[in-house]
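In what follows, a single structure is set out as structure tokens and then discussed.
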Amino acid sequence: MGTIAREMESEIETNPTIPVKSLKDKIQKKYQIHVLEIKVRRAKKFANDKKDGDFIQQYSMLRAYLEQLVKANPGSHVKVDVEPCHDPNSPTRQFRRVYICYDATKRGFQMLGREILGLDGCFMKGPFLGQILTSVSIDANKCIYPVAFALVESETMYSLSRPD
């Protein structure tokens with residue numbers, strides 16, 4: 001599977017939505033061998049995982065990233081909301097949402113002198129669904145100026161309220 005995945009890496013990088021059948025046909029034509037579709041499907045998943053990274057590993061590094069962010073950007077606001085594990089003795093917590101406002105963007109917004117904030121959002125794709133919400137304003141060039149952002153499970157009144 002590793003050899004097939006390596007062969008498909010460049011193809012998947014240029015066209016991530018390429019069908020498995022097309023990949024199978026290309027491999028069979030190039031090497032004149034018969035390859036099972038299930039092997040190509042697994043190899044495509046393996047290549048995509050390698051390209052995209054491991055989501056679980058990335059989420060496990062979130063707390064360290066946020067600590068570094070606060071250390072490197074004094075005055076920034078970072079709030080993380082987690083839910084406890086079912087076992088009260090376990091130190092493991094499950095990520096729910098995060099709010100980040102960099103000190104520099106906050107001060108920039110204050111200097112703009114604008115009184116109106118808008119809310120923009122987009123959906124996340126991948127194994128962990130959710131929304132990225134951004135509070136935005138308009139700068140002097142009439143361009144979007146992001147002030148703060150949050151990664152939430154969905155756009156509800158509960159997720160829009162500031163976590164304590």
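Sub-9 Å Cβ pairs linking a first residue in the range 58-75 that is closer than 18 Å to Ala148 by Cα to a second residue that is among the charged types (D, E, K, R), at least 6 apart or interchain, are Asn73/Asp103; Pro74/Asp103; Gly75/Asp103; Gly75/Lys106; Gly75/Arg107, ordered by first then second residue.
Checking the range 27-50 against the condition returns no match, with no residue being at positive phi and modelled with pLDDT of 90 or more. The set of residues in the range 1-26 that are part of a helix (DSSP H, G or I) and either surrounded by fewer than 13 Cβ atoms within 10 Å (Cβ to Cβ) or small (Gly, Ala, Ser) (or both) comprises Gly2, Thr3, Ala5, Ser10, Glu13, Thr14, Lys21, Ser22. Screening Arg93 on (1) loosely packed, with under 12 Cβ neighbours inside 10 Å; (2) assigned by TED's automatic domain parsing to the domain that holds Ala148; (3) within 28 Å of Glu153 (Cβ to Cβ) shows it passes everything except condition (1).
When the range 62-95 is filtered for residues that are under 18 Å from Gln131 (Cα atoms) and modelled with pLDDT of 85 or more, the ones remaining, listed by number, are Leu62, Val78, Lys79, Val80, Asp81.
The values are calculated or read from the model by the stated rules, or taken from the named source; none is laboratory data. What you see is a predicted model, and the numbers here were worked out from it, not measured in a lab. Here Cβ is always computed from backbone atoms with ideal geometry, including for glycine, and neighbour counts include all displayed protein chains.
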